[in-house]
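Structure first, commentary second.
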Amino acid sequence: MGAKVYMAARDETRAKEAIDRLDKGGRDPGLGQVIWHALDLRDSRSAKESAERFVAREKRLDILVNNAALITDLGKLQENSDGILESMAVNYLGPYIFTRTLLQLLESTTLLDGADVRIINVGSSGHSFVKYLEYGSKDAWNHPFKWYLIPNFERYKYSKLAMHLWTNDLARRLSEQQSKVMVLITQPGAILSDGVIHSLSRLPYPPLWIWLAGLVMHPQTLGAYTSVFAACAPRDNPEISQGAYIYPPNVAVAQAPAALDEVRQRQLAEFTEEFLQSIGV
Ligand SMILES: NC(=O)c1ccc[n+]([C@@H]2O[C@H](COP(=O)([O-])OP(=O)(O)OC[C@H]3O[C@@H](n4cnc5c(N)ncnc54)[C@H](OP(=O)(O)O)[C@@H]3O)[C@@H](O)[C@H]2O)c1
């Protein structure tokens, strides 16, 4: 549709290869641009610096899609340089900092011609199945879920619930401020993504598991369906509203009660700001 799209990714070679595939796969000349923008969400300073570079480069930002995530840490309990477990660092804290740093630009874009400014956070239905609900300390963020059946999946779900809590807190604050910026959260559906294939490749006889997963999961071509809808459907579409949770096939559904708990949302928001202050970000 002629948009200028920045693909924010950490690896320049792979990002440029992906852009090349898009160009060769039918993005005709004149249909906008796709440009790589360096972003590593694992490191708080780097996420902030990436957003600052964007602000220095562009005068408007209409749509921000926070899609990247570490969908499984493959059982390795790694921390970033500030001692935050990788799953929380990549899936919550990095996107939080990146978005916070871009918020002023998103706000100023609402004043420009033809603007309909949105933040799309990619959540997960896994947020509904989190048993450990503490979000007010570094120890809580680093909870290893050691005694659970699949600890890395528990860490992933915990970080995704953080994203839902943050989205709901942000939606409320934007409404209170009568901001024209809209934030929505999506669930892409069960997608046989590269990340899923990579995780299945760790099991004995991977082709079998990948084949079985292919029977129940959707192909990658559908992976962006809910996010593109949330980003682009007109505001008078009944599914589109501040804080809506967009689920396949593009319908607004209720989030789990744990995500709607305002006390928990505030606990996460307050500790996040306290933590960022403590590390000077
Ligand atoms: N697949 C599903 O069934 C499913 C279900 C529910 C929700 N989701 C959500 O959908 C989104 C996409 O997931 P996916 O299945 O497509 O996963 P994926 O294939 O693993 O893709 C994740 C993307 O995140 C990027 N990423 C990881 N760590 C990063 C970092 N430190 N900095 C910047 N980018 C980083 C990866 O880049 P690299 O290539 O550099 O690693 C990759 O492009 C995620 O938010 C996930 O939680 C997926």
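The values are calculated or read from the model by the stated rules, or taken from the named source; none is laboratory data. Quantities reported herein were computed from a predicted structural model and do not represent experimental measurements. As a convention, Cβ positions derive from the backbone with ideal geometry for all residues, glycine included, and neighbour counts pool all protein chains shown. Accessible surface areas use protein heavy atoms only, side chains included; no ligands, DNA or RNA. Shrake-Rupley method; radii C 1.70, N 1.55, O 1.52, S 1.80 Å.
Here are some notes:
- Eigenvalues of the alpha-carbon gyration tensor of segment 35-185, scaled by 5 and square-rooted, set the equivalent ellipsoid semi-axes at 29, 17, 12 angstrom, largest first.
- Think of a 1.4 Å ball rolled over the protein heavy atoms: the chain then has 52 Å² of accessible area per residue.
- Among Val117, Val90, Val253, the largest mean-square fluctuation in a Gaussian network model of the chain, built with springs joining Cα atoms closer than 10 Å, belongs to Val253.
- Rounded FRET efficiency, nearest 0.05, which uses the C-beta distance separating Arg45 from Ala233 and R0 of 30 Å: 0.25
- Relative frequency of Cα-Cα separations exceeding 21 Å in segment 113-249, percent: 53
- Computed label-point distance, nm, for sites His37 and Leu149 using a 7 Å Cα→Cβ extension: 4.1
- Pairwise FRET efficiency - Lys24 versus Ser201, Cβ, R0 = 30 Å, nearest 0.05: 0.70
- Full extension of the segment from Val55 to Met7, taken as 0.36 nm per residue of separation minus the current Cα-Cα distance, would add 15.8 nm.
- Take each peptide in 72-78, 182-188, 234-240, count the other Cβ atoms within 10 Å of every residue, and average; sorted highest first, the result is 182-188, 72-78, 234-240.
- FRET efficiency for the pair Gln178 and Ser278, taken as 1/(1 + (r/R0)^6) with r the Cβ-Cβ distance and R0 = 41 Å, rounds to 0.80.
- Bridge orientation summary for the chain: considering DSSP beta bridges with both residues in this region, about 20 percent are antiparallel.
- Mean residue ellipticity at 222 nm, helices only, the chain: -13500 deg cm²/dmol; runs of at least 4 DSSP H residues each add -39,500 (n - 2.57), and the sum is divided by the number of residues.
- Exceedance of the 26 Å cut-off in Cα-Cα distance is limited, within the set Lys16/Lys180; Lys24/Lys76; Lys76/Lys160, to Lys16/Lys180; Lys24/Lys76.
- Surface composition of segment 174-281: carbon plus sulfur atoms contribute 61% of the solvent-accessible area (1.4 Å probe, protein chains only, all chains present).
- Full-extension gain in nm, Arg14 to Leu260, via 0.36 nm per residue minus C-alpha separation: 84.8 nm
- Ratio of Rg to Rh over the chain (Cα coordinates, Kirkwood Rh, two decimals): 0.94
- Annotation note: trypsin sites (Lys or Arg not before Pro) in segment 96-150 located in DSSP loop regions with a Cβ neighbour count of at most 11 within 10 Å are Lys131, Lys146.
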